[in-house]
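Read through the structure below, which is laid out as structure tokens, and then see the notes.
The values are calculated or read from the model by the stated rules, or taken from the named source; none is laboratory data. These numbers come from a predicted model, not from an experiment. Because the Cβ atoms are built from the backbone with ideal geometry, glycine has one as well, and the counts that use them run over all protein chains shown. Please note that ligands, DNA and RNA were not included when accessible areas were found on the heavy atoms of the full protein model with its side chains. Shrake-Rupley method; radii C 1.70, N 1.55, O 1.52, S 1.80 Å.
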Amino acid sequence: MASLKDLRNRIASVKATRKITKAMQMVAAAKLRRAQEAAVAARPYSERMAVVLANLAGAVAGQSGAPALLAGTGKDQTHLLVICTAERGLCGGFNSSIARLAREHAERLIAQGKTVKMMTVGKKGNDALKRVYGKHIVEAVDFRGQKAVRYDNATGVGATIIRMFNEGAFDVCTIFFAEFKSVISQKPTALQMIPAAVAGGVAADLGGAVYEAEPDEGEILTDLLPRNISIQVFRALLENAASEQGARMSAMDNATRNAGDMINKLSIKYNRQRQAQITKELIEIISGAEAL
């Protein structure tokens, strides 16, 4: 049984931990608003880019001169998985859920006899995957020195992906991130970037109008497709930033509540043990007095 001093020390320790978790919760709440606004603001541009690509892709579909980023290499043997996670932990299951989705996808591909390569964006994703999939990780990027996600970060990652594709390092590229839904809901998402995944019904968004492109569709796609890679990476990083703060806010709130429950239980245990010790001392005094 722990002594009264041990219980006092433990209560003080848990109270100090509760102060830290409460402070982290408040910091995450302050960062969440800015991160959420940035993620929501990036969605319309990304979605509109998909609409434009869909209409342009429809015009060059089946042509021999279609850009490689749109048409692909004609094979799907080698897959590059770009796993975007956070640089820090203490955010619940945010990092592990993205890594789990990437692992499941990789296992399916390996079972089909495909070659899997991985590119990790974020320290936690690399830490979670390198033990089992260390030989598959060909590139590791982290932004530990960055206070906020910038478009320059995304263009650097996008340039690396395009360089690897031009070198013939892979046939299909899929990016993994967490789409921000709410403070308590972040959805792990997989999005194919190369070949560009174009929805068949997206063109109807333009009202069925017929447009003439100048220059031709092939030249426009040659310029837009590399830019689209950076845009999709940037959107993934922004969604991750908002999801990370939401998950951290929720996790620290739970930790603060759990610390409060533990303090209450330890306080009850301390008071009971202290009362028992006082009662024992009174009995000893009374017994000694009666013996005299």
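Return the only residue of G58, G74 being of a type in the set (G, A, S), at pLDDT below 90, surrounded by fewer than 19 Cβ atoms within 10 Å (Cβ to Cβ) and touching a Gly at 6+ places or on another chain (Cβ under 9 Å). So the residue among G58, G74 that is of a type in the set (G, A, S), at pLDDT below 90, surrounded by fewer than 19 Cβ atoms within 10 Å (Cβ to Cβ) and touching a Gly at 6+ places or on another chain (Cβ under 9 Å) is G58.
One line per residue, one yes/no per condition, for (1) under 25 Å from A68 (Cβ atoms); (2) assigned to a helix (DSSP H, G or I):
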position: A102; (1), (2): yes, yes
position: M118; (1), (2): yes, no
position: R131; (1), (2): no, yes
position: V138; (1), (2): yes, no
position: G145; (1), (2): no, no
position: M164; (1), (2): yes, yes
position: F170; (1), (2): yes, no
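Residue pairs whose Cβ atoms lie under 8 Å apart, sitting 6 or more positions apart in sequence or on different chains, and linking a residue in segment 264-292 that is closer than 15 Å to S3 by Cβ to a partner that is open to solvent by 100 Å² or more (accessible area, probe 1.4 Å) and not in a helix (DSSP H, G or I), are Q273/M1.
Is it the case that K265 is at pLDDT 90 or above, open to solvent by 80 Å² or more (accessible area, probe 1.4 Å) and within 14 Å of the chain's Cα centre (by Cα)?
Considered against the rule, which asks whether it is at pLDDT 90 or above, open to solvent by 80 Å² or more (accessible area, probe 1.4 Å) and within 14 Å of the chain's Cα centre (by Cα), K265 comes out as no.
Among the residues of segment 126-147, those that are surrounded by fewer than 13 Cβ atoms within 10 Å (Cβ to Cβ) and in contact (Cβ under 8 Å) with a residue 12 or more places away in the chain comprise V132, R144.
Going through V40, V82 one at a time, which residue ends up being assigned to a helix (DSSP H, G or I) and of a type outside the set (S, T, Y)? Let's see the steps before the verdict.
Values: V82 fails: assigned to a helix (DSSP H, G or I).
Going through V40, V82 in turn, the sole match is V40.
Restricting attention to segment 135-180, the residues being of a type outside the set (V, I, T) and touching an Asp or Glu at 6+ places or on another chain (Cβ under 7 Å) number 8.
If A66 meets every condition in (1) modelled with pLDDT of 90 or more; (2) of a type outside the set (S, T, N, Q); (3) open to solvent by less than 40 Å² (accessible area, probe 1.4 Å) apart from one, which number is that one? Every condition holds for A66 apart from (1).
Residues being open to solvent by 50 Å² or more (accessible area, probe 1.4 Å), of a type outside the set (D, E, K, R) and more than 26 Å from A28 (Cα to Cα) are entirely absent from segment 87-103.
Identify, from the list L32, L80, the residue that is surrounded by 14 or more Cβ atoms within 10 Å (Cβ to Cβ), farther than 30 Å from V132 by Cα and either under 17 Å from the mean Cα position of the chain (by Cα) or of a type in the set (A, V, I, L, M) (or both). Lay out the reasoning, then the answer.
Values: L80 fails: farther than 30 Å from V132 by Cα.
Among L32, L80, only L32 is surrounded by 14 or more Cβ atoms within 10 Å (Cβ to Cβ), farther than 30 Å from V132 by Cα and either under 17 Å from the mean Cα position of the chain (by Cα) or of a type in the set (A, V, I, L, M) (or both).
Tallying residues that are over 23 Å from E244 (Cα atoms) and touching a helix residue (DSSP H, G or I) at 6+ places or on another chain (Cβ under 6 Å) within segment 73-111 yields 1. Looking across K117, K123, one residue alone is open to solvent by 40 Å² or more (accessible area, probe 1.4 Å) and out of contact with any helix residue (DSSP H, G or I) (no Cβ under 9 Å at 6 or more places or on another chain). It is K123.
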